[in-house]
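Working notes, beginning with the structure itself.
Only the coordinates and a few stated rules stand behind these numbers; no lab work does. Remember, it's a predicted structure, so these values are computed and weren't measured experimentally. Every residue, glycine as well, gets a Cβ built from its backbone with ideal geometry; the counts of neighbours run over all protein chains shown.
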């Protein structure tokens, strides 16, 4: 499900919902529910301060559902393929379209493509991947998935 709770940047929801379903198919989580919410820059800054202790907005934040931790392999938060089928609600992804638009320019991508990249990135975080601590594992997986999904 994709919600748009901001009005500053126009976002085409239908193509992003189709992309979300494609990404879920590629990851084997077609029965899992993921919510994506587009929020204002100010809301994102607040969430970033509360949950990451960082000032200012970011482009995307992921909030895994509580039950996700119980489905992960012992000793890790990562959700393995066999366990993904059991998950009903994977979690929430918050995206700031204002920040995404800046990153799109910086990364030489179209705005719609940047939003798709952020949705994919957010889903990987919901599955327990963490590019800040995994020695590039998430980045490599994300790159493979981008190619499969037709992203830059």
Ordered by fewest other Cβ atoms within 10 Å, a rough proxy for footprinting exposure, 1, 44, 138 read 1, 138, 44
With -39,500 (n - 2.57) per DSSP H segment of 4 or more residues and division by the full residue count of the chain, the 222 nm estimate, nearest 500 deg cm²/dmol, is -14500 deg cm²/dmol
Two pseudo-spin positions, 7 Å from Cα along C-beta at residue 17 and at residue 43, lie apart in nanometres by 1.8 nm
Whole-Å distance linking the alpha carbon centroid of the stretch 94-152 with that of the stretch 32-58 is 15 Å
One finds, for residue 8 and residue 35 with R0 = 22 angstrom and r their Cβ-Cβ distance, a FRET efficiency to the nearest 0.05 of 0.60
For residue 148 and residue 55, extending 7 Å from Cα along the Cα-Cβ vector and measuring point to point gives, in nm, a value of 4.1 nm
